[in-house]
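Here's the structure we're looking at; comments come further down.
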Amino acid sequence: MRKPLMAGNWKMFKTAGETSAFFQKFLPLVAASSHADIVLAAPFVNLPAAVAATASSRVEVAAQNLFWMKEGAYTGEVSGPMLTAAGVRWVIIGHSERRQFFHESDEMVLKRTEAAIECGLKPIVCVGEKLEERERGETGQVLSAQFAGGLAPLSDAQFAGVVIAYEPVWAIGTGRTATPEIAADAHRTLRGLVRAGFGESAAASCRILYGGSVKPDNVQALMAQPEIDGALVGGASLDAVSFSTIVNF
């Protein structure tokens, strides 16, 4: 059985003070939630506050991105070793907003993923199609291309630590959610790609999350699908009660 992973992505929200206040309210609500792994991705400047607040809990902290070089003249970038030194354990890579607004390619996703694994971070690698691609019936081709460019070149040992998040771009922050059946179909496609690239054992153990307007009122239906191993939650993770309800689906 794959243990569910419920991850929150705060994007560019909250100050350090608001981060501490969130966890003060959130942690008691999930203190008994041993059924799932819980991860929250805070903005870079809030990571120390998040790590400090979760130190004695089961909740782990993620960064929302990293640069593939360990150090150097790369103004504004943050490296994997910097994140691990700060107590971060996870990192989101290739989020649709990074691909859309910052023109990150599959090649960049691969380099970031390799860098994360090298320094001991656990990557959540995002894939997903745009609305026009879905309407043209190209979801499978898009997922295949993103997998081929961003994940397939990894070694078996490297891939063993990867979590995949399927996030249809048309459902990110739009209020539109893929039906549980649509999401599960995409997850089956992704698991087939894992099986073809890394074998049956990897396909059986790889956790594939759904991300795209996950809320307390739709999480149960999504998680009822055997192919869906958890959620990557955006806006609904900003509120402690809302996100704890999702975690405790």
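The values are calculated or read from the model by the stated rules, or taken from the named source; none is laboratory data. Everything numeric here is computed off the predicted structure, so don't read it as measured data. Cβ: placed from backbone, ideal geometry, glycine included. Neighbour counts: every protein chain shown.
Listed here are the residues, each with its yes/no results for (1) touching a helix residue (DSSP H, G or I) at 6+ places or on another chain (Cβ under 8 Å); (2) not in a loop (DSSP other than H, G, I, E, B).
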position	(1), (2)
GLY161	yes, no
ALA183	yes, yes
ARG191	yes, yes
VAL194	yes, yes
GLY197	yes, yes
GLN220	no, yes
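Please specify each residue of segment 24-51 satisfying the condition of being of a type in the set (Phe, Trp, Tyr) and within 22 Å of LYS3 (Cβ to Cβ). Break it down into steps so the answer makes sense when it comes.
First pass over segment 24-51, keeping only residues of a type in the set (Phe, Trp, Tyr): 26, 44.
Passing the criteria: only PHE26.
Within segment 222-249, which residues are surrounded by 22 or more Cβ atoms within 10 Å (Cβ to Cβ), in a helix (DSSP H, G or I) and in contact (Cβ under 8 Å) with a residue 60 or more places away in the chain?
Those that are surrounded by 22 or more Cβ atoms within 10 Å (Cβ to Cβ), in a helix (DSSP H, G or I) and in contact (Cβ under 8 Å) with a residue 60 or more places away in the chain: SER237, PHE243, ILE246, VAL247.
So that you can scan it fast, the table gives a plain yes or no per residue for (1) buried (at least 22 other Cβ atoms within 10 Å of the Cβ); (2) touching an Asp or Glu at 6+ places or on another chain (Cβ under 6 Å); (3) free of Cβ contacts under 8 Å to residues at least 40 places away in the same chain:
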position: GLU118; (1), (2), (3): no, no, yes
position: CYS126; (1), (2), (3): yes, yes, no
position: GLN158; (1), (2), (3): no, no, no
position: GLY175; (1), (2), (3): no, no, yes
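Have a look at VAL45, VAL30, VAL59, VAL51 and point out the one that is crowded, with 19+ Cβ neighbours inside 10 Å, in contact (Cβ under 8 Å) with a residue 12 or more places away in the chain and within 21 Å of ILE93 (Cβ to Cβ). First the steps, then the outcome.
On the way: VAL45 fails: crowded, with 19+ Cβ neighbours inside 10 Å; VAL30 fails: within 21 Å of ILE93 (Cβ to Cβ); VAL51 fails: crowded, with 19+ Cβ neighbours inside 10 Å.
Step by step, each of VAL45, VAL30, VAL59, VAL51 is checked, and only VAL59 is crowded, with 19+ Cβ neighbours inside 10 Å, in contact (Cβ under 8 Å) with a residue 12 or more places away in the chain and within 21 Å of ILE93 (Cβ to Cβ).
Please work out which residue is farthest from ALA236 (Cα to Cα), limiting yourself to segment 1-33 and to residues that are in a loop (DSSP other than H, G, I, E, B) and of a type in the set (A, V, I, L, M, F, W, C). Outline the logic, then answer.
Looking only at segment 1-33, we keep the residues that are in a loop (DSSP other than H, G, I, E, B), and these are 1-4, 10-15, 30-33.
Restricting the remaining residues to those that are of a type in the set (A, V, I, L, M, F, W, C) gives 1, 10, 12-13, 30-32.
Working: MET1: 27, TRP10: 9, MET12: 14, PHE13: 12, VAL30: 15, ALA31: 19, ALA32: 20 Å.
Checked segment 1-33; the qualifying residue farthest from ALA236 (Cα to Cα) is MET1.
Among the residues of segment 128-145, are any closer than 27 Å to PRO4 by Cα, touching a helix residue (DSSP H, G or I) at 6+ places or on another chain (Cβ under 6 Å) and without any contact (Cβ under 8 Å) to a residue 24 or more places away in the chain?
yes
Pairs under 7 Å by beta carbon, first residue under 16 Å from VAL39 (Cα atoms) in segment 11-27, partner surrounded by fewer than 17 Cβ atoms within 10 Å (Cβ to Cβ) and at pLDDT 95 or above, six or more apart or different chains?
LEU27/SER57
If LEU131 satisfies every condition in (1) more than 19 Å from the chain's Cα centre (by Cα); (2) closer than 20 Å to VAL109 by Cβ; (3) not basic (Lys, Arg) but one, which is the exception?
(2)
Kindly establish whether SER57 is touching a helix residue (DSSP H, G or I) at 6+ places or on another chain (Cβ under 8 Å) and either under 20 Å from GLU114 (Cβ atoms) or among the β-branched types (Val, Ile, Thr) (or both).
Details: touching a helix residue (DSSP H, G or I) at 6+ places or on another chain (Cβ under 8 Å): yes; either under 20 Å from GLU114 (Cβ atoms) or among the β-branched types (Val, Ile, Thr) (or both): no.
So SER57 does not fit the description; no.
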